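Below is one structure, written out as structure tokens; the observations come after it.
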Amino acid sequence: MQNPIIVALDVPTMDAALKLAEQLAPAVGAFKIGKELFTACGPEIVRRVRATGASVFLDLKFHDIPNTVAKAVESAVRLDVQMLTIHASGGSAMMAAAEKAAQETASRSGRNAPLVLGVTVLTSMDAHDLAETGVTATPAQQVERLASLAAKAGLRGLVCSPLEIARLREILPASVQLVTPGIRPADAEKGDQKRTLTPKEAMQAGASWLVIGRPICAAENPRAAAEKILESLR
Ligand code: C5P
């Protein structure tokens, strides 16, 4: 089994991120660098985390005209990230342009193409929030619609909530990788996550990768916390 744990480096400084990355690199599958850390530290944080030998998931959720997203994806491939996110609501042409840019830039650089992951409906949005933006579908319907559109546009992966995994596995090709946050070990604090699965439940439901932040990073011993989660999956 490949190590499916992606640790969210949700910290504000280079020092804090590198301390965690160095400690955790041998015990996890990848690190997620999001908007807070990237905006504070710039691309150098990606290079430094990659230098630990770990894979990087650049979670900047690109959403723009197809040409601009394609160029941003090219830059991400040159930074040597292994996964990145785009908003599926940017539409088919945007998603197809992102996937094409990932494939072509990687092939020119002699690398494997990163996994371009579509983000469907933010889990912070309910039916009322969607209706305010003109979307009359329920969140579940909209997730299915955007997930199918992403797969048709050529994306090979999606981000989804733990409670969406089972349904998406029914409607998507089996090769589509599902990356799932909202994961809490049975003995962990839930924090602001309301609908969670344990790591084992999420993998059994069909997740390919688990994004885990606080249960590892805020633990007294992050390395031991990561190893315990990995052990729970065996
Ligand atoms: O600390 P925690 O395990 O809750 O961190 C989960 C990570 O996954 C955070 O970086 C959070 O922004 C991200 N995420 C999430 N729920 C989503 C999408 C992303 O928790 N629906």
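Within 15 Å of the ligand (Cβ to nearest atom) and either under 21 Å from S148 (Cβ atoms) or modelled with pLDDT of 95 or more (or both), is that true of E164? Spell out how you get there, then give the answer.
Values: within 15 Å of the ligand (Cβ to nearest atom): yes; either under 21 Å from S148 (Cβ atoms) or modelled with pLDDT of 95 or more (or both): yes.
So E164 fits the description; yes.
In the list T85, T52, T13, which residue meets the criterion of being of a type in the set (S, T, N, Q) and either within 14 Å of the ligand (Cβ to nearest atom) or touching a Pro at 6+ places or on another chain (Cβ under 7 Å) (or both)?
Numbers: T52 fails: either within 14 Å of the ligand (Cβ to nearest atom) or touching a Pro at 6+ places or on another chain (Cβ under 7 Å) (or both); T13 fails: either within 14 Å of the ligand (Cβ to nearest atom) or touching a Pro at 6+ places or on another chain (Cβ under 7 Å) (or both).
After applying the criteria, what remains is T85.
Look at the range 198-234 and say how many of its residues are more than 22 Å from L37 (Cβ to Cβ) and either touching a Phe, Trp or Tyr at 6+ places or on another chain (Cβ under 7 Å) or crowded, with 21+ Cβ neighbours inside 10 Å (or both).
Total satisfying the criteria: 3.
Search the range 168-187 for residues being more than 9 Å from the ligand (Cβ to nearest atom) and of a type in the set (G, A, S), and hand back the single one that is farthest from A150 (Cα to Cα).
Per the criteria, the residue is A186.
Return yes or no: is A151 under 24 Å from A27 (Cβ atoms), of a type outside the set (D, E) and more than 16 Å from the ligand (Cβ to nearest atom)?
no
Within the range 101-148, which residues are within 30 Å of R78 (Cβ to Cβ), in a helix (DSSP H, G or I) and either polar (S, T, N, Q) or in contact (Cβ under 8 Å) with a residue 40 or more places away in the chain (or both)?
Q103, T105, S107, S109, L146, A147
Output the residues belonging to the range 25-45 that are of a type in the set (V, I, T) and under 15 Å from the mean Cα position of the chain (by Cα).
The answer is V28, I33.
The values are calculated or read from the model by the stated rules, or taken from the named source; none is laboratory data. What you see is a predicted model; the values in this text were computed from it and never measured. Positions of Cβ are backbone-derived with ideal geometry, glycine not excepted, and every protein chain shown enters the neighbour counts.
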